[in-house]
1. As an exercise: evaluate Tyr64 against (1) crowded, with 20+ Cβ neighbours inside 10 Å; (2) at pLDDT below 95; (3) hydroxyl-bearing (Ser, Thr, Tyr); (4) not in a helix (DSSP H, G or I) and give the number of the one condition it does not meet.
2. What's the total number of residues in the range 30-71 that are in contact with a helix residue (DSSP H, G or I) (Cβ under 8 Å, 6 or more places away or on another chain) and either of a type outside the set (A, V, I, L, M) or free of Cβ contacts under 8 Å to residues at least 12 places away in the same chain (or both)?
3. Within the range 135-153, which residues are part of a helix (DSSP H, G or I) and either surrounded by 16 or more Cβ atoms within 10 Å (Cβ to Cβ) or in contact (Cβ under 8 Å) with a residue 24 or more places away in the chain (or both)?
4. What residue, of Ala118, Ala103, is in a helix (DSSP H, G or I) and either modelled with pLDDT of 95 or more or crowded, with 17+ Cβ neighbours inside 10 Å (or both)?
5. Hey, can you tell me all the residues within the range 154-194 that are surrounded by fewer than 19 Cβ atoms within 10 Å (Cβ to Cβ), under 26 Å from Pro117 (Cα atoms) and among the polar types (S, T, N, Q)?
6. Among the listed residues Leu110, Leu130, Leu144, Leu158, which satisfies the condition of being more than 19 Å from the chain's Cα centre (by Cα) and more than 22 Å from Met39 (Cα to Cα)?
7. Mind counting the residues in the range 143-155 that are in contact with a Gly (Cβ under 9 Å, 6 or more places away or on another chain) and closer than 19 Å to Gly194 by Cβ?
Amino acid sequence: MSLIQMEALTKVYQAGSVNVQALRDITMSVDSGEFLAIMGPSGSGKSTLMNILGCLDAPSSGSYLLDGEDVSQLTRDQRADVRNRKIGFVFQGFNLLPRLNAAKNVELPLIYGRVKPADRARRALIALELVGLQDRAHHLPTELSGGQQQRVAIARALVNNPEIILADEPTGNLDTRTSREIMEVFRKLNEKQGITFILVTHDPEIGAATDRRIHIRDGAIEGDERSGCIPIQCD
């Protein structure tokens, strides 16, 4: 069974008296352990799709099975519980609290999950070690480089042992060299920890570093390919 299975999924927003269809008949599956990108221009629907994949929003119609559970039928609180158990998020903005050190920032999801303080500290250090930042655990965000701050954000996404990490333009605020380093971190976690990675990006270089690319345009899937090149780079 696929880890993710979407069938005829649509999302419609109401803007005044006008209905705006953000997603149109999305049918796709993702197996456990995949390393893929969802790509498309601004306004294509890729962020809406990520929000539904991450249980931040619900579709207007169609089904979304996550690990065999139809999460499209869940309440907001039930979706929040699924997010906490199964999904980690990495965003373009690092979203670190400036007054907390790296370890305390990583602990935040565990506080919401009511994990005991000693267990929080232990798990935060393990997550920081996975991204190579155990020696920066007590540094504040202002004492870290942009790449290090993003690694802290990745550790925070890892601390609940998620099955899936959703990354929305995760290298958008980083230079080219640091972007490649972050992609190497993602790849290593995918291969060694078996975590499924779904990156949402418009960057062809980031897409080219993944194993599979799903292309979105005008709310619909226009391509799904696993070759070593992406359409705009192929002869």
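The values are calculated or read from the model by the stated rules, or taken from the named source; none is laboratory data. This structure is a prediction, so every number in the text was calculated from the model and none was measured. Cβ placement follows ideal geometry from the backbone for every residue including glycine, while neighbour counts extend to all protein chains displayed.
1. Unmet condition: (2).
2. Residues meeting the conditions: 12.
3. Across the range 135-153, the qualifying residues are Arg136, Pro141, Thr142, Gly146, Gly147, Gln148, Gln149, Gln150, Arg151, Val152, Ala153.
4. Unique residue meeting the criteria: Ala103.
5. Asn161, Gln193
6. Leu144
7. Residues flagged as in contact with a Gly (Cβ under 9 Å, 6 or more places away or on another chain) and closer than 19 Å to Gly194 by Cβ within the range 143-155 amount to 1.
One line per residue, one yes/no per condition, for (1) under 22 Å from His215 (Cβ atoms); (2) small (Gly, Ala, Ser):
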position	(1), (2)
Ser44	yes, yes
Tyr64	yes, no
Ser72	no, yes
Gln78	no, no
Glu107	no, no
